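Asker: Handing you this structure, nothing more for now.
The values are calculated or read from the model by the stated rules, or taken from the named source; none is laboratory data. Just so you know, these numbers come straight off a predicted model, no measurement behind them. Reconstructed Cβ throughout: ideal geometry from the backbone, glycine too, with neighbour counts over all protein chains shown. The accessibility values were calculated without ligands, DNA or RNA, using every heavy atom of the protein model including side chains. Shrake-Rupley method; radii C 1.70, N 1.55, O 1.52, S 1.80 Å.
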Amino acid sequence: MPDSAPEIPVLTRDDADGIATLTLNRPHARNALSVALMTALEAEFANLAADRSIKAVVLAGAGPAFCAGHDLKEIRANPGRAFYEALFAQCSRLMTAIVRCPKPVIARVHGIATAAGCQLVATCDLAVAAEDSRFATPGVNIGLFCSTPMVALSRNIGRKAAMEMLLTGDMIPASRAREIGLVNRIVPPGELAAATRALAAQIASKSPLTLKIGKEAFYRQLDMELDAAYAYASRAMTENMLARDAEEGIDAFIAKRAPVWEGR
């Protein structure tokens, strides 16, 4: 009997020059976040957190879209509280894993990023989008308020802009997404991959230890009171100053030479 066709992975990873590119690989479903895809993403972010060769991560989508949110067909095929609770708990773990990943994560957005796909964009540390990409949290249109996407959205853009997206479900263009702070940069579609990689390469050239310290400190201080935030940030700054990479960076700056990072 002939061998069966190999199973197509729902997620692919490509590493080059200290940058890992994770590509959602369900193009036929607009890269909807099935249980299998979220499981694969969780596993890869756990691997990336421990991979010293990787300095930055790019999250992309195969086919015509970045990500259309949760897989509604899978959801309707598994009705019931137990499945729903497990699904949204898994999605929450995934988003938290991205925030807690010690490597900066950049979304490379094309096509649409809707519902949990828009949540992915808001969760990533940075986002570069094609000029013709579109964004929405359209759950309200089908009787399902985008409550979990709301968490990431409300922590990354202004309240009124977030509420407008959540209450209307309207698609917004990339220009509006940049205006409200959902994405950092918009570029012509043909330049998206190169522009995202250039940004990732710029970040990957920095001290990995410094990036790790800085990313963790950024998210931890956000919800603190002002005095507590400054006290925490001062402790983080002190620990950073004691690191070998900080000594090397300062010495290199004074000597007008390129630093050599050791990651410690």
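Asker: Please give the number of the condition residue 144 fails out of (1) modelled with pLDDT of 95 or more; (2) of a type in the set (A, V, I, L, M, F, W, C); (3) over 25 Å from residue 56 (Cα atoms).
Answerer: Going through the list (1) modelled with pLDDT of 95 or more; (2) of a type in the set (A, V, I, L, M, F, W, C); (3) over 25 Å from residue 56 (Cα atoms), residue 144 breaks only (1).
Asker: If the requirement is being under 20 Å from residue 110 (Cβ atoms), of a type in the set (Ser, Thr, Tyr) and open to solvent by 40 Å² or more (accessible area, probe 1.4 Å), which of these qualifies: 23, 12, 39?
Answerer: On the way: 23 fails: open to solvent by 40 Å² or more (accessible area, probe 1.4 Å); 39 fails: under 20 Å from residue 110 (Cβ atoms).
12 is the lone residue from the list that is under 20 Å from residue 110 (Cβ atoms), of a type in the set (Ser, Thr, Tyr) and open to solvent by 40 Å² or more (accessible area, probe 1.4 Å).
Asker: Here's a check for you: in the stretch 197-250, which residue that is polar (S, T, N, Q) and either open to solvent by less than 40 Å² (accessible area, probe 1.4 Å) or touching a strand residue (DSSP E or B) at 6+ places or on another chain (Cβ under 7 Å) (or both) is modelled with the highest pLDDT? Spell out how you get there, then give the answer.
Answerer: Keep residues of the stretch 197-250 that are polar (S, T, N, Q), which gives 202, 205, 207, 210, 221, 234, 238, 240.
Those left that are additionally either open to solvent by less than 40 Å² (accessible area, probe 1.4 Å) or touching a strand residue (DSSP E or B) at 6+ places or on another chain (Cβ under 7 Å) (or both): 207, 240.
Working: 207: 96, 240: 93.
Across the stretch 197-250, the extreme among qualifying residues is 207.
Asker: Which condition from (1) open to solvent by 50 Å² or more (accessible area, probe 1.4 Å); (2) basic (Lys, Arg); (3) over 28 Å from residue 132 (Cβ atoms) is the one that residue 103 breaks?
Answerer: Only one criterion in (1) open to solvent by 50 Å² or more (accessible area, probe 1.4 Å); (2) basic (Lys, Arg); (3) over 28 Å from residue 132 (Cβ atoms) is unmet by residue 103, namely (1).
Asker: While we're here: If residue 134 satisfies all but one of (1) over 18 Å from the mean Cα position of the chain (by Cα); (2) closer than 30 Å to residue 203 by Cα, what's the number of the condition it fails?
Answerer: For residue 134, the exception is condition (1).
Asker: Would you mind telling me which numbered condition in (1) aromatic (Phe, Trp, Tyr); (2) in a helix (DSSP H, G or I); (3) open to solvent by less than 10 Å² (accessible area, probe 1.4 Å) residue 135 fails?
Answerer: Condition (2) is where residue 135 drops out.
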